[in-house]
């Protein structure tokens, strides 16, 4: 399947999901920008919906409601395109996004970063992976040899670890075009791709280190059927974003809630840390949009490669200039 076909399919699913799902967000159109809302809708990516993610997130959202003095309800979306569009339409005001969709939300949905997540080991980064069925004999060298012999599962088009990172660090770096390399290419979320690999429906797929932890915890038998054959360099962890036109006083309450959650001593702080542990986090750290610059570098690199493949010299030059600008920012940082 070509990249264009993958994108069209994903957007089609997003359009249907958005039309069906935004009713669950409440009357977003009645929430005037800048006004203090009487309710906050918090968006969460969940491939399996509220049944799987609801119990993990609800305690935190209940605590958030008490802390900010405004009811907070969740909105579960099956892909990031739906969630970005929900925030763009002010149907949601706060959300948990992985890094690339955070950039999309900033650029297209009037969002800003207020915090980033830190995992249970104290790291604020994670890694993209390539997975195969254990015992299949499929190696990274065999995958990169192409020959259209394997069925490949790539991530959501907006997924940082499922698409952007493997394209940047693995495929683009070697001049490999998945649609030309593999027998078939299909786009799905991490859970579906992992299940496809474990059951032999697909031969190789993208995943990430966080998904590995969740699968090991929730379905160890499935996890035993999977092994990693490639791991990316560290990429920025997910973050919490809010609409930039949210009531300033309420925005600061939300920021304070995340930055202090699970901190300090006493039974309440310990209870909050258990809630965070269920999400595989230890805390939320202060952050702004600049922490996403490594993602913008990857996006610029992808745009440059696409433009060069199309022979679009102007677009390639613009992407190269943006890449150089971002790299210069990184080089002057302490």
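Coordinate-derived values only; no laboratory data. Please read all numbers here as calculations on a predicted model, not as lab measurements. Cβ coordinates were reconstructed from backbone atoms using ideal geometry, including for glycine residues, and neighbour counts include every protein chain displayed.
Brief remarks on what is shown
- Alpha-carbon gyration tensor eigenvalues x 5, square-rooted, for region 125-235, Å: 20, 16, 12
- Cα shape, region 155-201, gyration tensor, a/c 1.5 rule: oblate
- GNM result for the chain, Cα springs below 10 Å: residue of 215, 295, 114 fluctuating most strongly: 215
- Cα gyration tensor shape of region 219-334, rounded if a/c is under 1.5, else prolate or oblate by comparing a/b with b/c: oblate
- Listing 87, 64, 167 from fewest to most neighbouring C-beta atoms within 10 Å gives 64, 167, 87.
- 0 to 90° range, to nearest 10: angle between helix 293-310 axis and the chain longest Cα axis: 40 degrees
- Angle in degrees between helix 3-21 and the longest Cα principal axis of the chain, rounded to the nearest 10: 30 degrees
- Fewest-first sequence of 242, 231 by Cβ atoms within 10 Å of each Cβ: 231, 242
- Contour excess over end-to-end distance, with Cα ends at residue 36 and residue 265 and 0.36 nm allotted per residue: 79.2 nm
- Against the chain, whose longest principal axis is taken from its Cα atoms, helix 50-68 shows a tilt of about 40°.
- Gyration tensor over alpha-carbon atoms, the chain, equivalent ellipsoid semi-axes in Å: 33, 24, 20
- The simple Förster model, with R0 at 25 Å and r as the Cβ-Cβ distance, assigns residue 277 and residue 253 a FRET efficiency of 0.55.
- Note on residue 312 and residue 224: the model spin-label points, each 7 Å out from Cα along the C-beta direction, lie 4.9 nm apart.
- Across region 159-216, the mean sequence separation of Cα contacts (distance under 8 Å, 6 or more residues apart), normalised by length, yields a relative contact order of 36 percent.
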